[in-house]
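Below you'll find the structure, written out as structure tokens, and then a few comments.
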Amino acid sequence: MGEQFLHGTEVVEVSDGIRPIRTAASAIIGLIGTAPDADAAAFPLDTPVLLIGQPRKAALLGAAGTLKDALDGIWDQGSATVVVVRVEEGVDQAATLSNIIGDRTLLTGVHAFTAARSVVDTTPRILVAPGYTGMRPTGVSGITVSAGGSGYDQATTTVTLTGDGAGAEATAVVTDGAITGITITRAGIGYTTAPTVSISGDGTGASATAAVGTVGNPVVAELLGIAPRLRAVILADGPSTTPEDAATYRGDWGSDRVYIVAPHVQVWDTDLDGAVDQPASARAAGVISRMDREKGFWWSPSNQVIAGIVGTSRPVGWSMGDPNSEANWLNEREITTIIRREGFRLWGNRTTSADPLWAFLSVRRTADMVYDAVEAAFLWAMDRPLSPQLVLDIQESVNAYLRALKARGAILGGRCWLDPELNTPADLMAGHLTLDFDIEPPAPMERLTFRAHREAGYYTELVEAVIREAA
């Protein structure tokens, strides 16, 4: 209340109290690919474009490239909001992959997704690049230091890789002025021979040699750099060849944000009058988006029917109780597959997480959405004078939100509290308030066991029933 003199009556509006917390949209798909015949005005290169169930606008992409087929696959699962990023189709596969990967400083390629909030006022949460996440290309697989040299400084030392491929990047590890190791930050693509390693900086005498080999998919690797910031997950197409190839592919990743789907699906092509193979990731993204809208982001996409397909690129063996079936073999290795049972169904719950705590896709996504909602909800509280009422309002706003999520089944429980040990006078004087909260997302029921027993006593009941009927 102000200190100005007043002789009279006034009404002062008090803005204390809890505020409702809203969960951000979780069903937004981020789709990147090529469309060389697209209307450049409607779909400019490396620019997020928002499609809210707009098939007519999508027609401006043209039939060539990957985007039109991917959108058809997404919208086969129902209406979905999609952030589309179109990149230029390169002269070969390696050049196109480089365009998909893009540049983090120019916000091109996959990095355009990080600009979606400012460009189209939405954030993609489900990232797909159908046709570009399934291969394991040839890249720089290792760099060996042959001479460490002397006089190098970590801040000024750079490593350059020059060869017939593109995109490989590395950084030097400097210890006491010598190069003791070189870390590959980008494996690159398209190398047929080992690139030349050049080390520059304040020192002298260092040298190293590179080796090439089959490496992890560069598009997935690049998406992993932005997915945590977006609180998004990556739907990657595993190889559509053999289960063993899919297992090898899975070994490249150890992230709770990578969800692998294999094999490809078959879709009827009206131009060819026959079934053709297409990557499954777009349709899997459509399934997740549909589940978010119809059930909630805490539901797993597993055991949900995939619409618009007539089969899979190879049959996947499956039986509900058979641990030795191909589908179970793939699921055991954190690879989601597609089974045929009352339609074709997505089958698999697990990410490639190295931490069992985040093994399930639905658990990762539930935590993401709760964290994002809490983080975004308190703009109103920032820079207000600290007071007991302010702290209680923030705390109770979070508790009310967590109670609402529990009532909906999104979490099993949660609460927010103030820990005095984390809020010292020095911290509070510096304007830093710390509140704790906990949640527990529900795990999907992945395994159901019935224990069957024999009971000879039922024969006694049979005999007694016969005697009663005969009496």
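Just so it is clear, none of the values below were taken in a lab; they were calculated from the coordinates. If you're wondering where the values come from, they're calculated on a predicted model, not measured in any experiment. Here Cβ is always computed from backbone atoms with ideal geometry, including for glycine, and neighbour counts include all displayed protein chains.
Cα centroid separation, region 238-281 to region 159-232: 28 Å. Within the chain, DSSP assigns beta bridges of which about 70% are antiparallel (rounded to the nearest 5).
For Ser313, the amide hydrogen comes within under 5 Å of the amide hydrogens of His264, Val265, Gln266, counting only partners 5 or more places away or on other chains and with H modelled in the peptide plane. Ranked by the mean number of other Cβ atoms within 10 Å per residue, highest first, peptides 317-330, 448-461, 244-257 order as 244-257, 317-330, 448-461. Annotation: Cα Rg of region 397-452 relative to the compact-globule expectation 2.2 N^0.38 Å equals 1.75.
Here the mean projected area of the convex hull built on the C-alpha positions of region 309-364 is 4.5 nm².
Distance between the C-alpha centres of region 396-471 and region 1-36: 33 Å, rounded to the whole angstrom.
Seen from Leu462, the other residues with C-beta closer than 14 Å to its C-beta sum to a net charge of -3, counting Lys and Arg as +1 and Asp and Glu as -1. Positive contributions from Lys and Arg (+1) and negative ones from Asp and Glu (-1), summed over other residues with Cβ under 14 Å from the Cβ of Trp318, come out at 0. For Leu386, what is the net charge nearby, where nearby means another residue's Cβ is under 15 Å from its Cβ and Lys, Arg count +1, Asp, Glu -1? The answer is -3.
Using the Cβ-Cβ distance between Glu3 and Leu379 with R0 set to 25 Å, the FRET efficiency from 1/(1 + (r/R0)^6) comes to roughly 0.35.
Taking only C-alpha pairs under 8 Å that are 6+ residues apart, what is the relative contact order of the chain in percent?
So the answer I get is 13 percent.
Label reach from Asn399 (point 7 Å along Cα→C-beta): in region 423-437, no amide nitrogen lies under 12 Å. Across the alpha-carbon set of region 325-451, the Rg to Rh ratio works out to 1.14, Rh being the Kirkwood radius.
With r defined as the distance between the Cβ atoms of Glu455 and Val305 and R0 fixed at 41 Å, what FRET efficiency is calculated, to the nearest 0.05?
Numbers: r = 39 Å, r/R0 = 0.94.
Between Glu455 and Val305 the formula returns 0.60.
Here r is the Cβ-Cβ distance between Ala275 and Tyr371 and R0 is 41 Å; the resulting FRET efficiency, rounded to 0.05, is 0.45. Bridging of Lys406 to lysines at a Cα separation below 28 Å is possible for Lys295, once same-chain residues fewer than 8 apart are set aside.
According to the square roots a ≥ b ≥ c of the eigenvalues of the Cα gyration tensor, what is the shape class of region 202-292, taking rounded for a/c under 1.5, prolate for a/b larger than b/c otherwise, and oblate for the remainder? Walk me through the intermediate numbers first.
Numbers: a/c = 2.70, a/b = 1.72, b/c = 1.57.
In terms of gyration-tensor shape, prolate.
The ellipsoid equivalent to the alpha-carbon distribution of region 57-139 has semi-axes of 21, 18, 12 angstrom, derived from the gyration tensor eigenvalues as √(5λ) and listed largest first. Taking the three principal axes of the alpha carbon atoms in region 138-214, the coordinate ranges are 34, 20, 15 Å, sorted in descending order. The ratio of the alpha-carbon radius of gyration of region 262-328 to the globular-protein estimate 2.2 N^0.38 Å is 1.29. Taken over the Cα atoms of the chain, the convex hull encloses 305 Å³ per residue. Straight-line cross-link partners of Lys57 among the aspartates and glutamates, defined as a Cα under 15 Å from its Cα and at least 8 positions apart when in the same chain: Asp37, Asp39, Asp69, Asp72.
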